[in-house]
Amino acid sequence: MFGVEIKGIGISIPNKKLTNFDLEKIMDTSDEWIYQRTGIKDRYIVEDGISTSDLALQASREALRQAKEVKNIDYIIMATNSPDYIVPATSSVLQGKLGISAGTFDVFSGCTAFAYALIVASSMIKSGLAENILLVGAEAISKYLDWQDRTIAVLLGDGAGSFVLSRTEDKNTGILDHNVGSDGTKFDLIYIPAGGTKEPFSEKSLHEKRIYLKMQGREVFKNVVSLIPQEIKKLLNKNNLETNDINLYVFHQANIRIIEAIRDSLKIDSSRIFSNIEKYANTSSASIPIVFYEAFNKGLIKKGDLILFSAFGAGLTWANILWKL
Ligand code: ACO
């Protein structure tokens, strides 16, 4: 058994900024409603012609530059819900653009995808199957939005974040424990009804806007604020840890009120949470690596710290990971 070290990190944020005031001009919403209900002010979206793999490429180049001593990458694993194509995996497109030889596969499980992919990548490295893995969370999710649908369009943004993960002899580094789950009976709380095998793409689905992401936000909210604190508590108890033994909680950025509800329920000291939802909105599977990157670059975390990654999303899926830097 080995440990897992984060050797390089990188992010990519598109150039085009959309403020709440910009959204007021295209749909029936307001800056006040969005900010009070979600904590979001701005989001960035890709311009025409830019896809998920382009964002992933930029973030990955930065992470690989930082991890310059890493000479070979065994796998590229991409967490995304907005692939360049339905077939093949976007990790393959990214691999072609990077021009490095590696095995490639995608993880496609809502906003939890990066956390699931981190568990898989860590297991491969810990077991000795792989030495170095490029892990990417990337989304051009704005392309799946109906820009007239205020129930979801105001919440999401595009972006990417990459980790270079490497084997280390220190077994006590990297993933220490985790818990995960899914409730597939609630698959339609966040989903794209048409375009898959259940309801293939048709003129009717286009006309009825069933090719866009739909969400029953209030139901998701209710499910998450009761479930996530319980699951985090279980993970902490199992590892004989108190809430404030964790140096930093890296939460999926879906809604500041969700993060605050988890904080209040677990009595987490606010200094142990970093959030950037105000700037980027919910970037789905890119949110965790983007939060981690900014927290690290602000000096909020250092080698030896305990991190708790926590994510939830479409499925419904969720994952909590206890990590030692
Ligand atoms: N602007 C203005 N008014 C709006 C908007 C909007 N953008 N959206 C909804 N409203 C209205 C509703 O129509 C409703 O009006 P009514 O009272 O007249 O019926 C009112 O605002 C309240 O709507 P609610 O849905 O009850 O508002 P709520 O406080 O629940 O906030 C929100 C909605 C922000 C979506 C919240 O429920 C939430 O964040 N849910 C979780 C979302 C999430 O975490 N998703 C998972 C990740 S997404 C992914 O995996 C891709």
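Okay, here's what the table says:
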{"read-out": "Surrounding net charge for D170, when Lys and Arg each add one and Asp and Glu each subtract one, Cβ distance under 12 Å", "value": "+3"}
{"read-out": "Percent of Cα pairs exceeding the 16 Å cut-off, where the set is region 61-131", "value": "53 percent"}
{"read-out": "Two-site FRET efficiency, I100 against K302, from Cβ-Cβ distance with R₀ of 30 Å, rounded to 0.05", "value": "0.55"}
{"read-out": "Nonlocal amide H pairs with Y249, under 5 Å, H built at 1.01 Å", "value": "I273, F274, L308"}
{"read-out": "Net charge of Cβ neighbours under 10 Å - reference K126; Lys, Arg +1; Asp, Glu -1", "value": "+2"}
{"read-out": "Entries in K25/K209; K222/K267; K16/K198; K41/K324; K17/K302 that, when Cα-Cα distance is taken, lie over 25 Å", "value": "K16/K198; K41/K324; K17/K302"}
{"read-out": "Debye, to nearest 20: dipole size of region 175-324, +1 on Lys, Arg Cβ, -1 on Asp, Glu Cβ", "value": "60 debye"}
{"read-out": "Cut-off 13 Å between beta-carbons: net charge of the residues surrounding K68, Lys and Arg +1, Asp and Glu -1", "value": "+2"}
{"read-out": "Point-charge dipole on Cβ atoms (K/R +1, D/E -1) for the chain, about Cα centre, debye to 20", "value": "460 debye"}
{"read-out": "Top of S270, S142, S51 by mean-square fluctuation, Gaussian network on the chain, Cα under 10 Å", "value": "S270"}
{"read-out": "Inter-site label distance for D48 and K71 at 7 Å from Cα along Cβ, in nm", "value": "4.7 nm"}
{"read-out": "D149/Y85 FRET efficiency (R0 25 Å; Cβ-Cβ; nearest 0.05)", "value": "0.55"}
{"read-out": "Distance between modelled label sites at N179 and E260, nm, 7 Å Cα→Cβ extension", "value": "2.6 nm"}
{"read-out": "Lysines with Cα under 23 Å of K71, excluding same-chain neighbours fewer than 8 positions away", "value": "K7, K97, K126, K171, K303"}
{"read-out": "Rounded to 5, percent antiparallel among DSSP beta bridges of the chain", "value": "70 percent"}
{"read-out": "Distance (nanometres) between label positions extended 7 Å along Cα→Cβ at E203 and T19", "value": "4.3 nm"}
{"read-out": "Cα centre as origin, Lys/Arg/Asp/Glu Cβ charges: region 226-272 dipole, Debye", "value": "100 debye"}
{"read-out": "Cross-link partners of K204 among lysines (Cα-Cα below 27 Å; sequence separation of 8 or more within a chain)", "value": "K143, K186, K214"}
{"read-out": "Inverse mean reciprocal Cα-Cα distance (Kirkwood Rh) of the chain, Å", "value": "19.7 Å"}
{"read-out": "Rg(Cα)/(2.2 N^0.38 Å) for region 168-325, N = residue count", "value": "1.17"}
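Taken together, the values in this text are just the output of simple stated rules run on the coordinates, not laboratory data. Everything numeric in this text was worked out from a predicted model, so none of it was measured. So basically every Cβ, Gly included, is an ideal-geometry build from the backbone, and we count neighbours across all protein chains shown.
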